[in-house]
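Some notes on the structure that comes next.
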Amino acid sequence: MSNTTRGTGTRAEGSRAPSTTRGSARVGRREALGHVAEAPSIAQLAWTILEYRYTVLVVVVLALGLAVLRLVTAVPSYESSVLVQVEGRTKTVPGFSDVSPLFDRESPAEAEMRIVRSRPLLQAVVEDLALDIEARPRRAPLLGAAFAWWRAGPGLAPAPFGLTRYAWGGERIGIARLEVPAELVGERLTLTAREGGRYDVAAPERGVILEGEVGKPAPSRSGLPRAEILVSELVARPGTEFVVVKRSAGDVADALQASLRVAEQGKATGVVEVSLEDRSAPRVATILNAIAETYVRQHGERTSAEVTKTLRLLESQLPALKANMDKADVALNAFRRDAGAVNLSAEGESMLSRATDLDKKIAELEVEAAELQQRYSAGYPAVLALEERLKNLRAQRTALDQHMRALPGRELEAARLSRSSRLATELYLNVQNRAQELRIVKAGWIESVRVLEPAVVPARPASPKRDATIVLGLLLGIGAGVAAALVRKGLDEGVEDPDEIEARTGLPVFGAIPRSAAQRALERRGRRRGPVEPLSLAAPGDVAVEDLRNLRTSVQFALVGAKNNIITISGPAPRVGKSFVSVNLAHLLAGAGRRVVLVDADLRRGRLHRHFGVERHPGLSDVLLGAATLETAVQTTAVPQLSFLPTGPLPSNPGELAASPRMEELLDELSRRYDAVVVDTPPILSVTDSALVGRHAGVNLLVLRAGEQTVREIAFTLRRLAQNGVEIRGGILNDLRPSAGGRYGRYGGYRLYSAYYVQKDWRDR
């Protein structure tokens with residue numbers, strides 16, 4: 001078929017008009033849509049995650065690896081707790097409720113919780129347990145602590161790589177006493193184990209300051225600041241180092257206060273839980289039990305001290321009261337001996353009895369006021385109320401004294417002495433009885449605070465929590481993986497939408513070929529067993545083949561107005577799939593009844609012969625060099641109407657061969673012999689061979705891999721081809737993956753919807 005019979009220039013112009021119209025229609029649709037940036041839908045996000053599933057998977061695996069590394073390397077910590085019951089009132093011995101107000105110290109749980117966490121109480125615990133002395137083995141950096149914890153078995157772990165200064169497991173040290181000068185408080189001292197249970201202690205910038213033996217006090221050397229240490233236990237290899245620090249008791253108490261957790265169990269139950277977390281299981285139980293015992297002891301001492309103080313006050317008043325009683329009895333007896341019996345009148349007897357009652361009440365209130373003043377300040381409401389009662393009683397007594405002065409002299413004196421004797425006796429007996437009751441109550445006093453559950457040594461570590469760490473690592477990995485996928489999607493400038501390519505580069509897209517799982521299977525099988533069968537033959541019902549058929553139709557329309565029937569297929573870069581498109585397009589054109597020849601013009605890396613199971617030579621390079629004729633180089637294939645011209649031996653000067661006049665003559669000869677000539681050329685951005693061959697073609701197609709080429713790269717490719725006189729008639733978007741909503745450009749909705757029917761139709765055949 002000659003160029004003349006294929007169409008004139010007028011027909012070519014006429015044939016391009018519909019394409020321009022279609023392109024204008026597409027642009028009009030895009031302008032109507034306005035290219036408004038829409039927020040991604042849930043389906044789009046899901047497709048993005050599916051598209052970058054390997055990124056998500058890698059991030060999840062890394063997160064799980066970090067979680068496992070955390071479990072392996074983290075030093076475990078142990079948690080224990082002690083339960084303390086705080087009752088509202090102190091229990092006393094039954095039968096002595098009249099003195100129980102002395103013990104009625106309402107102590108809400110909130111106040112007791114503050115006392116448990118108080119600095120004086122914790123500092124007393126620190127001093128009792130010597131918590132201000134920190135002694136631990138020196139571990140190797142990074143994994144030393146984890147190695148020692150994971151080590152199993154008795155005895156000392158061997159030191160790997162000769163690192164004997166570090167402790168690798170099984171080492172123990174106990175320090176009963178440590179005294180250092182003020183300038184060494186808080187400094188890290190180094191205790192080094194020696195032979196025979198001996199050791200030495202070195203200070204920074206001072207060298208060795210102490211030398212001693214286990215179980216014996218070791219004073220500092222002469223000429224050095226006073227220091228002393230008593231090591232009670234030392235199990236280690238000679239040369240192993242320990243870190244010893246003498247801290248301030250107040251600082252240790254503050255740290256303990258910050259880590260201590262005190263909470264009431266339930267609402268208004270009076271049961272307080274004190275919990276603590278530490279790296280040593282025995283140590284955490286010891287500290288908690290010491291805190292509970294110290295708290296109970298101090299609480300009892302505090303309450304007992306108030307009772308003792310009140311009892312001491314009463315006992316101090318008894319001698320004076322007894323002396324007053326004896327004095328009043330002597331005066332009354334002397335008056336009776338001198339004056340004889342004096343009978344009081346009914347009125348005098350009544351006033352005497354009333355005066356005695358008033359004096360007794362005043363005396364009792366004065367004793368009670370003295371007790372309250374020992375416990376409360378002068379402005380306390382109970383003290384003020386008691387003083388007001390005393391004031392009223394004293395006023396009544398003054399008024400009664402004025403009435404008694406109206407009695408006869410002897411009768412008045414007898415009444416006065418009787419009242420004094422009776423009052424002194426009752427007051428003395430009242431105070432004595434009260435003091436005796438306090439002694440009995442103090443002896444039988446029951447503490448209102450007690451330990452319900454002492455702390456026990458925990459058997460399992462509280463952290464790190466294996467299940468929680470793994471779940472957290474998995475959740476964080478999924479979140480980070482999804483975020484990484486979205487970031488990659490946002491940073492990916494590769495174009496996937498045919499409409500975007502047309503709008504931003506002006507290149508019309510003839511076809512969009514989706515990714516084919518069948519093609520990948522063919523390629524894997526071809527790598528193992530030789531020839532790669534074309535997809536159009538192996539899986540004619542595949543969706544990608546249906547899109548290749550649409551491409552064939554577009555190419556046939558493009559050939560109507562072309563200057564010849566030569567079709568070149570190239571790409572901007574390697575691995576865009578141009579060979580895949582070339583082979584399958586040639587098969588489909590031949591299947592439509594055309595005589596087609598496929599030319600492998602990639603004289604640098606051409607491999608199309610693998611699809612046909614033939615040798616590389618003789619081929620194109622042989623014909624161009626005159627080493628073979630066209631008849632001997634062109635090979636027939638198993639597909640009727642399809643011939644194949646391989647590359648031949650790869651030459652050392654492929655660019656010169658592509659630019660030679662012989663190349664143009666060869667293409668013209670093939671154009672006359674066949675209805676369509678499909679030429680597979682090298683990538684344009686790598687070499688210039690494509691431009692040299694494309695000058696002689698009627699239709700030049702550019703294969704792009706979806707998501708790989710950017711708009712800038714496509715525009716640069718088109719500009720380079722235009723500079724070399726090559727016009728690209730259309731683009732082919734290859735390996736298009738289903739993205740958000742399953743779209744393949746503007747055509748994806750139809751393709752996904754019709755994929756089932758296409759495959760079913762071929763199965764039915």
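The table below gives the values:
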quantity: All positions within the stretch 252-270 that are acidic (Asp, Glu) and in a helix (DSSP H, G or I); calculated: Asp254
quantity: Residue match in the stretch 668-688 (condition: surrounded by fewer than 17 Cβ atoms within 10 Å (Cβ to Cβ), in a helix (DSSP H, G or I) and among the acidic types (Asp, Glu)); calculated: yes
quantity: Criterion violated by Pro238 - all others in (1) surrounded by fewer than 18 Cβ atoms within 10 Å (Cβ to Cβ); (2) under 38 Å from the mean Cα position of the chain (by Cα); (3) at pLDDT 80 or above; (4) not aliphatic (A, V, I, L, M) satisfied; calculated: (2)
quantity: Matching residues, the stretch 38-79, being within 16 Å of the chain's Cα centre (by Cα) and in contact (Cβ under 8 Å) with a residue 12 or more places away in the chain; calculated: Val59, Val60, Val61, Leu62, Ala63, Leu64, Leu66, Ala67, Val68, Arg70, Leu71, Ala74
quantity: Ser220 vs. criteria within 30 Å of Pro454 (Cα to Cα), of a type in the set (S, T, N, Q) and in the same structural domain as Ile175 (by TED's automatic domain parsing); calculated: no
quantity: Filtered residues of the stretch 233-251 (kept if within 12 Å of Leu191 (Cα to Cα) and either among the hydroxyl-bearing types (Ser, Thr, Tyr) or part of a strand (DSSP E or B) (or both)); calculated: Leu234, Thr240, Glu241, Phe242, Val243, Val244, Val245
quantity: Scope the stretch 583-605; condition part of a helix (DSSP H, G or I) and either within 18 Å of Ser690 (Cβ to Cβ) or within 60 Å of the chain's Cα centre (by Cα) (or both); matching residues; calculated: Val583, Asn584, Leu585, Ala586, His587, Leu588, Leu589
quantity: Filter result for Pro649 (in contact with a Gly (Cβ under 8 Å, 6 or more places away or on another chain) and farther than 18 Å from Leu589 by Cα); calculated: yes
quantity: Residue in the stretch 367-375 that is surrounded by 13 or more Cβ atoms within 10 Å (Cβ to Cβ), farther than 30 Å from Ala435 by Cα, in contact with an Asp or Glu (Cβ under 7 Å, 6 or more places away or on another chain) and at pLDDT below 70 present; calculated: no
quantity: Residue in the stretch 195-202 that is touching a Gly at 6+ places or on another chain (Cβ under 7 Å), acidic (Asp, Glu) and either at pLDDT 90 or above or within 19 Å of Asp132 (Cα to Cα) (or both) present; calculated: no
quantity: Hits in the stretch 650-708 (condition: within 59 Å of the chain's Cα centre (by Cα), modelled with pLDDT under 90 and among the acidic types (Asp, Glu)); calculated: Asp689, Glu708
quantity: Those residues of the stretch 174-188 which are more than 35 Å from the chain's Cα centre (by Cα) and outside any loop (DSSP other than H, G, I, E, B), in sequence order; calculated: Gly174, Ile175, Ala176, Arg177, Leu178, Glu179, Ala182, Glu183, Leu184
quantity: Single unsatisfied condition, Gly186 versus (1) closer than 30 Å to Val75 by Cβ; (2) surrounded by 14 or more Cβ atoms within 10 Å (Cβ to Cβ); calculated: (2)
quantity: Some residue of the stretch 249-264 being buried (at least 16 other Cβ atoms within 10 Å of the Cβ) and more than 30 Å from Ile115 (Cβ to Cβ); calculated: no
quantity: Top-ranked residue of the stretch 278-301 - restricted to ones that are surrounded by fewer than 20 Cβ atoms within 10 Å (Cβ to Cβ) and among the charged types (D, E, K, R), ranked as farthest from Gln85 (Cα to Cα); calculated: Arg279
quantity: Boolean, Ser536 is over 45 Å from the mean Cα position of the chain (by Cα) and either among the hydroxyl-bearing types (Ser, Thr, Tyr) or surrounded by fewer than 16 Cβ atoms within 10 Å (Cβ to Cβ) (or both); calculated: yes
quantity: Which listed residue is within 19 Å of Leu701 (Cα to Cα) and either of a type in the set (Val, Ile, Thr) or buried (at least 20 other Cβ atoms within 10 Å of the Cβ) (or both), from Leu589, Leu620, Leu624, Leu642; calculated: Leu589
quantity: Where a residue in the stretch 580-598 is more than 13 Å from Ser536 (Cβ to Cβ) and its partner, wherever it lies, is assigned to a helix (DSSP H, G or I) and at pLDDT 90 or above, with Cβ under 6 Å and at least six apart; calculated: Val597/Leu670
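The values are calculated or read from the model by the stated rules, or taken from the named source; none is laboratory data. The structure presented is a predicted model; accordingly, all values stated were derived computationally and were not measured. Please note: Cβ atoms are built from the backbone with ideal geometry, for glycine as well, and neighbour counts cover all protein chains shown.
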